[in-house]
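**Student:** Starting off with a structure, shown below.
The values are calculated or read from the model by the stated rules, or taken from the named source; none is laboratory data. Quick caveat: nothing in here was measured; it's all calculated off a predicted structure. So basically every Cβ, Gly included, is an ideal-geometry build from the backbone, and we count neighbours across all protein chains shown.
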Amino acid sequence: MSSGSGAQVQVEVDLYSGRPNPTWTLPPEAVALLEQRLATAPRATNARMSDPGLGYRGLTVALPISTGGVASIRIFAGLVERVTASGAVLVRDDQRALERALIATASDKIPYEVFEYINRIVGPA
Amino acid sequence: MLKITADLFSGLPNPEWLVEGAEAASVLHDLATNRHAVASADSGFTGLGFRGLVVETLDEHSSDEFSLPTKFRLANGGSLNESKSHEVAERLISRMTASTAANHPSILNRDYATDPVKNYLLQALKEPRKKSVVSTVEPEGETQETADAAHLKPGIKLPPIFVCAYETTPFNPAFWNDPAHISKNNCYNYASNRRTDTFAQPGRATGHMYSVINCAEVTNGAVSDGASLTCAPASQAPRWYMALVIAPGPGFVDFHWYRKAKEGFWGHKPGGTAARNTDNSGHIVNDPRTADRGPYTIFCRFMYAQNKMVVK
């Protein structure tokens, strides 16, 4: 499930309704972490990605797949959803660790007040 | 010199007029000797409908001379002597359409300082304030009438200027949630009913995109695109009825829009996510003013998307 190509991977905070969402490029180590978690995290049973409506709705990543194509990854509130042409897989993100780790990579890439807001919403580890 | 504002509308600009000279002095003297008729500016009835008169002194000595606040309310249910408060309010309302009523730079909104509105206010003063009941007038067919008429007292004949016609369509989320389009269209696309796949921004299509996000700037952008703040003529049908709200921050600053559906509720589309008719608490949005809007805590206003409106 490796991205393989070394292509830049963009992450988007699904935050706004009117304005475009903030986006930034994930550093390679964060991409590696994401791939590792997707490969090893336990499946989430009896769970479903929530849609809170207005306000912070998690992170989305378009992750290239080594075999071709792109997996759409959504990370929010303790769950990670990976969607490809062959279907969707839902795994756990305990303590929102992956979500926090990816958010941390934004500290110098998005306006500070937005970074601070997102961290406040997600809460401390 | 007194500036009087009738706190009446939620979407339209409130009527304003001037009372000066001997009449203003007489009113102030009357209030100074009947101090309990004066209510503080932030008091009283705050719901839908007539919320009393806001009285402001425009010269530097009147409030000191009569020991009155520079800004206060009358006939809003917030005073200790509402009878007297109503009596003085009636005097001030009767001056709404006087020839000198607009002679001051602070008088900005004269559109609705008219005889029909004056007569409506005078009649409203005589009626006891009831719990507001939304009574949207819905004639047969697609055309409906605006919420600014809906919250005014049932049973009182409304002047034509309170009634704006607009069009609605059945709630159709599938059109917006098509995977080929869902992420490319936002709340503004949805509210204006224009699926451009450009994640449209108010004002961008017409070269007047907002520079900061607040009610005034985003409203101005939409107006530049062709939205109307007052009744839109039938020639501009279909006229979609929209509502604008703002998240003021700190940290989260954004705008959001709603559009009224034929079924009577409001639909909306939070960014690139699914169009829906429920709020953040999962309740049907019957009124954007009272829906759970999450961080979008400021309700700006209603307005109309006209046929000529373009968005990008």
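**Student:** Those residues that are among the basic types (Lys, Arg) and modelled with pLDDT of 90 or more, I need them from the stretch B:15-70; list them, please.
**Tutor:** Across the stretch B:15-70, the qualifying residue is only B:Arg35.
**Student:** What do you reckon, is B:Lys308 over 13 Å from B:Asn193 (Cβ atoms), basic (Lys, Arg) and not in a strand (DSSP E or B)? Give the derivation first.
**Tutor:** Working: over 13 Å from B:Asn193 (Cβ atoms): yes; basic (Lys, Arg): yes; not in a strand (DSSP E or B): yes.
Answer is yes for this residue.
**Student:** Given the options B:Ala222, B:Ala243, name the one that is in contact with a Pro (Cβ under 7 Å, 6 or more places away or on another chain), in a strand (DSSP E or B) and more than 10 Å from every other protein chain (Cβ to nearest Cβ).
**Tutor:** Values: B:Ala222 fails: in a strand (DSSP E or B).
Criteria check complete, one pass: B:Ala243.
**Student:** Only one of A:Val91, A:Val80 is in contact with a helix residue (DSSP H, G or I) (Cβ under 7 Å, 6 or more places away or on another chain), away from every other protein chain (no Cβ under 14 Å) and more than 16 Å from A:Val11 (Cβ to Cβ); which? Let's see the steps before the verdict.
**Tutor:** Values: A:Val80 fails: more than 16 Å from A:Val11 (Cβ to Cβ).
Just a single option satisfies the conditions, and that option is A:Val91.
**Student:** For the subset of the stretch A:14-47 comprising residues that are of a type in the set (D, E, K, R) and within 14 Å of chain B (Cβ to nearest Cβ), which member is nearest to A:Phe115 (Cα to Cα)?
**Tutor:** A:Asp14
**Student:** Taking B:Arg301, is it assigned to a loop (DSSP other than H, G, I, E, B), under 18 Å from the mean Cα position of the chain (by Cα) and away from every other protein chain (no Cβ under 14 Å)?
**Tutor:** no
**Student:** Going by what's in this entry, would A:Ala7 be described as small (Gly, Ala, Ser), touching a residue at least 12 places away in the same chain (Cβ under 8 Å) and within 28 Å of B:Asn186 (Cβ to Cβ)?
**Tutor:** Criteria met by A:Ala7.
**Student:** Just checking, how many residues over the stretch B:276-298 are within 14 Å of chain A (Cβ to nearest Cβ) and under 20 Å from B:Gly264 (Cα atoms)? Explain how you work it out, then say what you get.
**Tutor:** Going residue by residue through the stretch B:276-298, those that are within 14 Å of chain A (Cβ to nearest Cβ) are B:276-285, B:288, B:291-298.
Subsequent filtering for residues that are under 20 Å from B:Gly264 (Cα atoms) retains B:276-285, B:288, B:291-293.
Counting residues in the stretch B:276-298 that are within 14 Å of chain A (Cβ to nearest Cβ) and under 20 Å from B:Gly264 (Cα atoms) gives 14.
**Student:** Residue pairs, Cβ under 9 Å, 6 or more apart or interchain, first in the stretch A:107-125 and in contact (Cβ under 8 Å) with a residue 12 or more places away in the chain, second exposed (fewer than 12 other Cβ atoms within 10 Å of the Cβ) and part of a helix (DSSP H, G or I). List them.
**Tutor:** A:Asn119/A:Ala104; A:Ala125/A:Gln95
**Student:** Working only within the stretch B:290-312, note down all residues that are of a type in the set (D, E, K, R) and either touching a Pro at 6+ places or on another chain (Cβ under 8 Å) or at pLDDT below 95 (or both). I'd like the intermediate steps shown before the answer.
**Tutor:** Going through the stretch B:290-312, the residues of a type in the set (D, E, K, R) turn out to be B:292-293, B:301, B:308, B:312.
Selection gives B:Arg301 alone.
**Student:** A further question follows. Of the residues A:Ala62, A:Ala32, which single one is closer than 18 Å to A:Thr84 by Cα and among the hydrophobic types (A, V, I, L, M, F, W, C)?
**Tutor:** Details: A:Ala32 fails: closer than 18 Å to A:Thr84 by Cα.
Exactly one of A:Ala62, A:Ala32 is closer than 18 Å to A:Thr84 by Cα and among the hydrophobic types (A, V, I, L, M, F, W, C), namely A:Ala62.
**Student:** Also: I need the full set of residues from the stretch B:184-213 which are within 14 Å of chain A (Cβ to nearest Cβ) and part of a helix (DSSP H, G or I), in order please.
**Tutor:** Residues satisfying the conditions are B:Lys184, B:Cys187, B:Tyr188, B:Asn189, B:Tyr190, B:Ala191, B:Ser192, B:Arg204.
**Student:** Would you pick out the residues in the stretch A:48-68 that are polar (S, T, N, Q) and more than 14 Å from every other protein chain (Cβ to nearest Cβ)?
**Tutor:** Taking the stretch A:48-68 first, the residues polar (S, T, N, Q) are A:50, A:60, A:66-67.
Within the stretch A:48-68, A:Ser66, A:Thr67 qualify.
**Student:** If you go through the stretch B:183-198 one residue at a time, how many are of a type outside the set (Ser, Thr, Tyr) and either under 16 Å from B:Asn277 (Cβ atoms) or crowded, with 21+ Cβ neighbours inside 10 Å (or both)? Explain how you work it out, then say what you get.
**Tutor:** In the first step, residues of the stretch B:183-198 are kept if they are of a type outside the set (Ser, Thr, Tyr); the result is B:184-187, B:189, B:191, B:193-195, B:197.
Those left that are additionally either under 16 Å from B:Asn277 (Cβ atoms) or crowded, with 21+ Cβ neighbours inside 10 Å (or both): B:185-187, B:189, B:191, B:193.
Count: 6.
**Student:** Exactly one of (1) surrounded by fewer than 21 Cβ atoms within 10 Å (Cβ to Cβ); (2) over 28 Å from A:Tyr56 (Cβ atoms); (3) at pLDDT below 95 is unmet by B:Gly251. Its number?
**Tutor:** (2) is the only condition that B:Gly251 fails.
**Student:** Here is a further query. With the checklist (1) without any contact (Cβ under 8 Å) to a residue 24 or more places away in the chain; (2) surrounded by 13 or more Cβ atoms within 10 Å (Cβ to Cβ) in hand, flag the one item A:Thr40 doesn't pass.
**Tutor:** In the conditions (1) without any contact (Cβ under 8 Å) to a residue 24 or more places away in the chain; (2) surrounded by 13 or more Cβ atoms within 10 Å (Cβ to Cβ), A:Thr40 misses (2) alone.
**Student:** Let me ask you something else. Would you be able to tell me the number of residues in the stretch B:66-109 that are part of a loop (DSSP other than H, G, I, E, B) and farther than 15 Å from B:Gly44 by Cα? Break it down into steps so the answer makes sense when it comes.
**Tutor:** At the first step, the residues of the stretch B:66-109 found to be part of a loop (DSSP other than H, G, I, E, B) are B:67-70, B:75-81, B:94-109.
Applying the additional criterion that residues be farther than 15 Å from B:Gly44 by Cα yields B:67-70, B:94-109.
Qualifying residue count for the region: 20.
**Student:** Let me ask something additional. I'm checking my understanding of the structure. Among residues of the stretch A:89-125 that are surrounded by fewer than 17 Cβ atoms within 10 Å (Cβ to Cβ) and touching a strand residue (DSSP E or B) at 6+ places or on another chain (Cβ under 6 Å), which one is nearest to A:Thr67 (Cα to Cα)?
**Tutor:** So the residue we want is A:Val89.
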